[in-house]
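The values are calculated or read from the model by the stated rules, or taken from the named source; none is laboratory data. Here the structure is a predicted model, which means the values were calculated and not measured. Glycine gets a Cβ as well: all are built from the backbone with ideal geometry, and neighbour counts include every protein chain shown. Side chains included, ligands, DNA and RNA excluded: accessible areas come from the protein's heavy atoms. Shrake-Rupley method; radii C 1.70, N 1.55, O 1.52, S 1.80 Å.
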Protein chains: 2
Amino acid sequence: MLRMETIQYNLPQNRIPRAWYNLAADLPKPLAPPLHPGTLQPIGPDDLTPLFPMALILQEVSQEREIEIPDPVRQVYAQWRPSPLFRARRLEKALDTPAKIYYKYEGVSPAGSHKPNTAVAQAYYNKIEGTKRLCTETGAGQWGSALAMACAFFGLECKVYMVRVSYDQKPYRRALMEAFGASVTASPSVETECGRAILAEFPHTNGSLGIAISEAVEVAAKDPNTKYALGSVLNHVLLHQTVIGLEAMEQMALAGDEPDVLVGCTGGGSNFAGLVFPYLGKKIKGETSARVVAVEPAACPSLTKGHFAYDFGDTGHLTPLVKMHTLGSTFIPPGIHAGGLRYHGMAPLVSHARDLGLIEATSVQQLDAFAAGIQFARAEGIIPAPEANHAVAGAIAEALKCKAEGQGRTILFNLCGHGHFDMQSYINYQAGLLENYDYPAEEIAMALAGLPAVG
Amino acid sequence: MLRMETIQYNLPQNRIPRAWYNLAADLPKPLAPPLHPGTLQPIGPDDLTPLFPMALILQEVSQEREIEIPDPVRQVYAQWRPSPLFRARRLEKALDTPAKIYYKYEGVSPAGSHKPNTAVAQAYYNKIEGTKRLCTETGAGQWGSALAMACAFFGLECKVYMVRVSYDQKPYRRALMEAFGASVTASPSVETECGRAILAEFPHTNGSLGIAISEAVEVAAKDPNTKYALGSVLNHVLLHQTVIGLEAMEQMALAGDEPDVLVGCTGGGSNFAGLVFPYLGKKIKGETSARVVAVEPAACPSLTKGHFAYDFGDTGHLTPLVKMHTLGSTFIPPGIHAGGLRYHGMAPLVSHARDLGLIEATSVQQLDAFAAGIQFARAEGIIPAPEANHAVAGAIAEALKCKAEGQGRTILFNLCGHGHFDMQSYINYQAGLLENYDYPAEEIAMALAGLPAVG
């Protein structure tokens with residue numbers, strides 16, 4: 001009889017973290033403040049009240065290390081949290097690497113990604129502060145379906161502006177949001193001033209997250225019963241995701257291992273931050289020397305080719321300016337299939353961590369990301385989301401480096417979601433229809449030249 | 001601070017069952033033997049060796065109560081087993097019922113349903129007996145993707161005949177099988193004698209499981225390196241699924257509850273058997289008096305309107321005859337979206353249990369099944385497979401009966417898979433494009449009149 005090898009490290013329901021971890025409390029240098037889009041002066045909480053409930057505004061600027069997770073939020077988390085931590089033993093064998101590869105799997109949430117970690121919290125705080133409707137944007141649809149589900153749980157209406165290219169490529173995602181009772185519109189749309197202006201100029205545009213954010217913000221700002229919800233980038237969103245890393249630390253201890261390398265994919269930065277911020281807190285205190293690697297698409301290389309500067313979060317310039325790695329808010333990325341990574345900017349906290357030298361960044365081409373995803377699926381069974389394929393590719397690259405060097409390091413990556421609603425991209429990949437994109441340096445330079453002259 | 005309610009009852013990896021439970025050992029009256037399609041005499045193990053490895057043939061006729069699960073199979077199970085058992089507290093509140101509703105969730109497997117429980121076992125036994133390729137059919141695609149995944153894990157080739165209507169309706173399922181490395185062909189196809197004969201007579205047929213089985217069996221019978229694998233109906237398949245009920249018993253004990261009513265959906269019978277057979281073993285011994293309810297689609301009502309008689313398992317009459325509830329092997333069901341339930345027969349063991357009065361059966365219309373699925377998704381977050389919607393509808397009906405009677409019974413149902421690859425059916429449902437089907441009594445009578453005169 002063979003000895004069974006442990007491949008799944010699980011925690012019971014009562015080990016769901018009781019508090020989120022706030023990296024801001026441990027930063028050696030504070031974040032630059034957000035600026036008002038009109039006055040270009042630092043904004044106060046009151047400037048944000050048309051868009052967010054006060055609890056989230058306070059979290060956005062909090063310096064507390066631990067912020068308690070309300071029990072009704074933990075109660076919903078209990079449906080899929082603590083999420084499993086896997087040892088990828090079959091992938092290790094397939095790669096013939098001396099590395100140990102672990103992955104935290106967020107695809108077990110009912111919406112299929114890490115996004116419900118913040119969607120549930122945002123819906124909860126809005127509900128108790130009297131919001132009737134939440135309005136948001138979605139790229140790949142992971143965020144939109146998470147918020148639609150959270151709104152169904154808490155009895156809120158939900159309106160989603162879905163980036164046109166995803167709306168057309170991913171009818172199943174839209175159907176899921178509608179099954180949860182949400183109303184979904186392709187963006188840019190004729191429903192908003194911002195959408196109409198973009199359509200007048202670019203009638204055949206694929207859309208972008210930057211445009212869809214403008215539409216959702218515009219609607220929320222004009223309707224006192226509607227608030228806005230964002231699925232990434234903001235401090236409070238990244239905060240909510242830290243349950244991933246907090247659980248992972250406990251699970252890695254169960255496995256008797258410590259990560260030498262942490263890997264996550266980055267679009268807006270939230271799944272990456274969720275895994276790595278608790279580890280960065282330890283790194284700042286000198287309690288770990290783990291390398292921390294952000295993997296982004298070569299087609300939308302904000303961390304590797306953008307500037308660290310003040311910029312708008314949206315294309316319509318309705319949001320505050322934040323200091324972040326950006327390709328310029330006018331940047332409309334190519335229609336790659338990792339829709340959730342098609343954003344011109346990077347979360348200010350992730351950008352700041354990069355600026356402080358706490359993290360590294362690398363980029364991956366679309367075809368390499370899908371090749372990694374297929375290899376992962378055949379070894380581990382799970383078909384990753386196109387976004388998550390970037391993390392898989394990053395982890396495989398690290399494992400192969402271990403093999404080349406004869407070093408048995410421990411790699412931990414975040415598998416932030418499954419690709420069940422993204423199979424059209426696998427169909428296109430397997431049919432040879434996908435391309436790599438090297439974003440032309442001169443176009444990036446042009447977009448960056450247009451950055452606002454502040455900060 | 002609220003008190004957290006437990007909603008997920010989990011077991012650690014070392015609680016994966018060590019043996020499958022074989023209901024045949026406890027039956028008060030033995031199963032009728034399968035008959036050779038040529039001689040109509042009881043078949044022996046040798047008749048099946050062209051199709052199956054000997055280990056599975058022996059399991060098919062075993063009278064042992066417990067059959068040990070090989071460690072390499074348990075090792076693969078460990079990626080998603082023990083699967084979670086949930087208390088559907090939000091659904092209970094939405095229904096305002098005094099009933100407690102529990103569900104065992106098999107959608108956590110990487111292929112998204114209960115099917116890998118047997119796919120992994122079948123691939124393993126074939127691998128150790130030297131099979132190079134497995135050939136099978138699939139309806140909705142749940143089984144085909146499970147077998148494709150299991151073959152990828154064990155290094156076997158995989159060939160899948162996919163029922164035409166599903167092949168056309170579910171490109172994402174096909175893409176998943178192809179991502180795992182399987183070769184997928186729409187059935188009926190021109191690749192087999194049986195397929196060509198059907199196409200000559202019905203060039204525009206939707207296909208059926210009965211036809212696709214004929215094609216897969218024909219290919220396996222003709223190639224010594226290829227064996228056949230079936231995803232339901234057979235005794236050894238149902239055996240492998242009993243991990244579901246064995247785990248559920250332990251989890252219900254954790255929850256401190258005993259089911260009064262067990263509910264599952266039935267097509268070929270395997271997910272239903274997986275949950276309920278361990279309980280039927282107790283029922284036969286007088287250790288439980290739980291009601292056990294099979295829910296089937298009104299469009300394919302084998303248990304509620306079929307005959308309990310000897311019939312072929314396939315349309316081409318290549319398989320042995322088994323005694324089962326059947327609508328006749330010439331029955332081609334309407335193209336309802338619960339593709340996994342479109343089969344003319346019912347597993348002999350499930351049919352036998354019905355004949356012995358151990359289980360009840362009821363049928364559900366397509367529109368009612370989808371309405372139940374949407375209600376479930378908005379309460380619990382998980383979007384069920386169209387097949388599983390039948391079990392959800394059955395469980396909700398039981399819960400509403402409890403409400404009407406003011407009785408607080410405990411209901412346990414099997415949520416055998418998610419609907420992530422079946423969203424087109426939800427799109428059609430929400431667009432009002434789906435219909436109910438009352439299968440005309442005279443057509444059933446005609447198909448039944450053609451049953452072979454044996455047994």
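What helices does chain B hold that run 27 Å or longer along their axis, going by alpha-carbon atoms, with a Kyte-Doolittle average of -0.5 or more, using DSSP H for the helix calls?
Both cut-offs are met by B:386-405.
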Quiz item: Give or take rounding to whole Å, what are the principal axis extents of the alpha carbon atoms in region A:127-227, in descending order?
Solution: 40, 30, 16
Practice problem: Could you state how much accessible area A:L85 has, in square angstrom rounded to the nearest 10, with a 1.4 Å probe and all protein chains kept in place? | Solution: 0 Å²
Practice problem: On the protein heavy atoms, probe 1.4 angstrom, tell me the percent of accessible surface of region A:381-455 carried by carbon and sulfur. | Solution: 53 percent
Quiz item: Roughly what % of DSSP beta bridges within the protein assembly as shown run antiparallel, to the nearest 5?
Solution: 35 percent
Practice problem: Leaving ligands, DNA and RNA out of it, work out the accessible area of B:E137 with a 1.4 Å probe and give it in Å² to the nearest 10. | Solution: 10 Å²
Practice problem: Using a 1.4 Å probe and counting only protein heavy atoms, arrange A:L234, B:L367, B:L415 so the residue with the most accessible area comes first. | Solution: B:L367, A:L234, B:L415
Quiz item: What do you get when you divide the Cα radius of gyration of region B:1-95 by 2.2 N^0.38 Å, with N the number of residues?
Solution: 1.66
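Among B:K100/B:K323; A:K93/A:K285; A:K283/A:K305, which pairs are too far apart, with a Cα-Cα distance over 31 Å?
Pairs exceeding 31 Å: B:K100/B:K323; A:K93/A:K285.
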Quiz item: In the protein assembly as shown, what cysteines have no partner Cβ closer than 4.7 Å?
Solution: A:C135, A:C194, A:C265, A:C300, A:C402, A:C416, B:C135, B:C194, B:C265, B:C300, B:C402, B:C416
Self-check item: Number of partner chain Cβ atoms within 10 Å, mean per residue of B:427-440
Solution: 1
Exercise. Would you list which lysines come within 20 Å of A:K159, measuring only between C-alpha atoms, while excluding same-chain residues fewer than 8 positions from it?
Key: A:K115, A:K127, A:K132, A:K170, A:K222, A:K227
Exercise. Take peptides B:268-278, A:248-258 and line them up by average Cβ neighbours within 10 Å, highest first, as a rough protection proxy.
Key: B:268-278, A:248-258
Exercise. Using only atoms on other chains, find how many Cβ atoms lie within 10 Å of each Cβ of peptide B:78-89 and report the average.
Key: 3
Quiz prompt | Alpha-carbon centroids, region B:126-144 and region B:288-341: separation in whole Å | solution = 22 Å
Quiz item: Given a Förster distance of 41 angstrom, what is the FRET efficiency for A:A200 paired with A:M54, based on the Cβ-Cβ distance and rounded to 0.05?
Solution: 0.65
Self-check item: Cα Rg, Dmax (largest Cα-Cα span) when computed across chain B, Å
Solution: 20.4, 72
Quiz item: Among residues other than A:L356 whose Cβ falls under 15 Å from its Cβ, what is the net charge (Lys/Arg +1, Asp/Glu -1)?
Solution: +4
Quiz item: For region B:194-319, what are the per-bin percents of Cα-Cα distances with bins 10 Å wide, up to the bin holding the maximum?
Solution: 11, 31, 30, 17, 9, 1
Quiz item: Tell me, how many Å apart are the Cα centres for region A:22-73 and for region B:66-97?
Solution: 40 Å
Self-check item: Dipole moment magnitude, nearest 20 debye, region A:339-455 about Cα centre, only Lys, Arg, Asp, Glu C-beta charged
Solution: 340 debye
Exercise. Please list B:E442, A:E60 in order of solvent-accessible area, largest first, computed with a 1.4 Å probe with all protein chains present.
Key: B:E442, A:E60
Self-check item: Kirkwood-based Rg to Rh ratio, region B:188-238, C-alpha trace
Solution: 1.03
Exercise. Output, in nm with one decimal and in ascending order, the distances from the B:E442 label point to the matching label points of the other copies (7 Å from Cα along Cα-to-Cβ).
Key: 7.6
Quiz prompt | Peptides B:45-51, B:163-169 ordered by average Cβ neighbours within 10 Å, highest first | solution = B:163-169, B:45-51
Practice problem: Provide A:M149, B:M54 ordered by accessible surface of protein heavy atoms (probe 1.4 Å), highest first. | Solution: B:M54, A:M149
Quiz item: Accessible area of B:Y279, 1.4 Å probe, to the nearest 10 Å²?
Solution: 10 Å²
Quiz item: Near B:P384, within a Cβ-to-Cβ distance under 14 Å, what is the net charge of the other residues, with Lys and Arg +1 and Asp and Glu -1?
Solution: -3
Quiz item: Between A:E64 and B:R291, how many nm apart are label points set 7 Å from Cα along the C-beta direction?
Solution: 5.0 nm
Quiz item: What size of dipole, in debye to the nearest 20, comes out for chain A about its Cα centre when the only charges are +1 on Lys and Arg C-beta atoms and -1 on Asp and Glu C-beta atoms?
Solution: 1000 debye
Practice problem: Return the Rg/Rh value of region B:308-406, two decimal places, where both radii are evaluated on C-alpha atoms and Rh is the Kirkwood radius. | Solution: 1.05
Practice problem: Would you mind putting A:296-304, A:123-131 in packing order, based on average other-beta-carbon counts within 10 Å, highest first? | Solution: A:296-304, A:123-131
Quiz item: A:S189's amide H: which non-local residues (gap 5+, or another chain) put their own amide H closer than 5 Å, with H modeled 1.01 Å from N in plane and none for Pro or chain starts?
Solution: A:G195
Quiz item: Residues with amide H under 5 Å of A:F413's amide H, sequence separation 5 or more or different chain, H placed in the peptide plane at 1.01 Å from N; which?
Solution: A:Y102, A:Y103, A:K104, A:V263
Exercise. Name the long-range amide H neighbours of B:A361: under 5 Å, sequence gap of 5 or more, or other chain; modelled H, no Pro or chain starts.
Key: B:A294
Quiz item: In debye, nearest 20: dipole of region B:194-323 around its Cα centre with unit charges on the Cβ of K, R (+) and D, E (-)?
Solution: 280 debye
Quiz prompt | Inter-chain shielding of B:376-385 (mean C-beta neighbours from other protein chains, 10 Å cut-off) | solution = 5
Quiz item: Rounded to the nearest 5, what is the percent of antiparallel bridges among the DSSP beta bridges in chain A?
Solution: 35 percent
Self-check item: Total formal charge among the other residues, if their Cβ is under 15 angstrom from that of B:Q59, Lys/Arg +1 and Asp/Glu -1
Solution: -3
Quiz item: Running Debye on the protein assembly as shown with equal point scatterers at the Cα sites and no solvent, what base-10 log of I(q)/I(0) appears at q = 0.11 Å⁻¹?
Solution: -1.28
Practice problem: Answer with one residue from A:A445, A:A431, A:G408: the one whose Cα lies farthest towards the positive end of the charge dipole of region A:391-455, charges on Cβ with Lys, Arg +1 and Asp, Glu -1. | Solution: A:G408
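Per residue Cα convex hull volume for region A:35-191, in cubic angstrom? Walk me through the intermediate numbers first.
Working: hull volume 29.3 nm³, N = 157.
Hull volume normalised by residue count: 187 Å³.
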